[in-house]
1. Is it the case that G93 is small (G, A, S), under 27 Å from L131 (Cβ atoms) and touching a residue at least 12 places away in the same chain (Cβ under 8 Å)?
2. Can you tell me which of (1) within 27 Å of E176 (Cα to Cα); (2) buried (at least 16 other Cβ atoms within 10 Å of the Cβ); (3) in contact (Cβ under 8 Å) with a residue 60 or more places away in the chain is the one A28 doesn't meet?
3. Can you find a residue in segment 65-88 that is under 19 Å from Q127 (Cα atoms) and in a helix (DSSP H, G or I)?
4. Out of (1) buried (at least 23 other Cβ atoms within 10 Å of the Cβ); (2) within 16 Å of K44 (Cβ to Cβ), the odd one out for K89 is which?
5. Got a sec? Which of V34, V80, V50 is at pLDDT 95 or above and under 22 Å from R179 (Cβ atoms)?
6. Among the residues of segment 30-54, count how many are of a type outside the set (V, I, T), more than 14 Å from the chain's Cα centre (by Cα) and closer than 17 Å to S160 by Cβ.
7. Restricting the search to segment 174-189, which residues are more than 18 Å from the chain's Cα centre (by Cα) and either exposed (fewer than 11 other Cβ atoms within 10 Å of the Cβ) or of a type in the set (A, V, I, L, M, F, W, C) (or both)?
8. Specify the residue that is surrounded by the fewest Cβ atoms within 10 Å (Cβ to Cβ); the eligible residues are those in segment 119-173 that are of a type in the set (A, V, I, L, M), under 22 Å from D53 (Cα atoms) and modelled with pLDDT of 95 or more.
Amino acid sequence: MQELLKKIRACDVCKAHLPLGPRPIVAAHAEAKVIIIGQAPGTKVHETGVPWDDPSGRQLRKWLGVSDAVFYDETKIALVPMGFCYPGKGNGGDLPPRAECAPLWHDPLWDGMPNLELVILIGTYAQKYYLKREMEKNLTETVKAYRKYLPKYFPLPHPSPRNRFWLSKNQWFDKEVVRDLQKMVDEIL
């Protein structure tokens, strides 16, 4: 696993398309039991090199019901994005994750983590990639149907502060989904 992580962190396959240059962000360990598949690092995470080291990460840790120490314990939780580097700024936020990363690195990472029990899919990009035709018509419907994907996958919206409107509109998420997510994560870890 350490050799694979070293290769990933040295990757520069799409450097010509990255405004801040390549800086692949990933955290994984052969003993990990939960994997969080996110979108792509933002500028703050690109600067620090620490996955989910931003307001979205704080919200995600609340949803999971875990401390920073547990969240960043690679033997418990692997943190793997769809795109490993900051993709740049778009009209409504960051650009989509680079398409090269997941096909290149996800399978080797999965092969190196035989103890995975739960795959948390954050946002549409991860859900489309892993759930494929099983995904509902949109993110809201997919998250609402989360039980359909258990025990392997647990789809979630992105925990970005920009999604506060979605969260206020979909109050069932905090009442039902977060409760079940915390229970499942607690039982696994």
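1. yes
2. (1)
3. Within segment 65-88 (the criterion being under 19 Å from Q127 (Cα atoms) and in a helix (DSSP H, G or I)), the answer is no, since none of the residues qualifies.
4. That leaves (1) as the condition not met.
5. Values: V80 fails: under 22 Å from R179 (Cβ atoms); V50 fails: under 22 Å from R179 (Cβ atoms).
Criteria check complete, one pass: V34.
6. 2
7. Matches in segment 174-189: K175, E187.
8. Of all residues in segment 119-173, those of a type in the set (A, V, I, L, M) come to 119-122, 126, 131, 135, 139, 143, 145, 150, 156, 167.
Applying the additional criterion that residues be under 22 Å from D53 (Cα atoms) yields 119-122, 126, 156, 167.
Next cut, modelled with pLDDT of 95 or more only: 119-122, 126, 156.
Numbers: V119: 20, I120: 22, L121: 26, I122: 24, A126: 25, L156: 24.
Result: V119.
The values are calculated or read from the model by the stated rules, or taken from the named source; none is laboratory data. Just so you know, these numbers come straight off a predicted model, no measurement behind them. Using ideal geometry, Cβ is built from the backbone for each residue, glycine included, and neighbour counts are taken over all protein chains shown.
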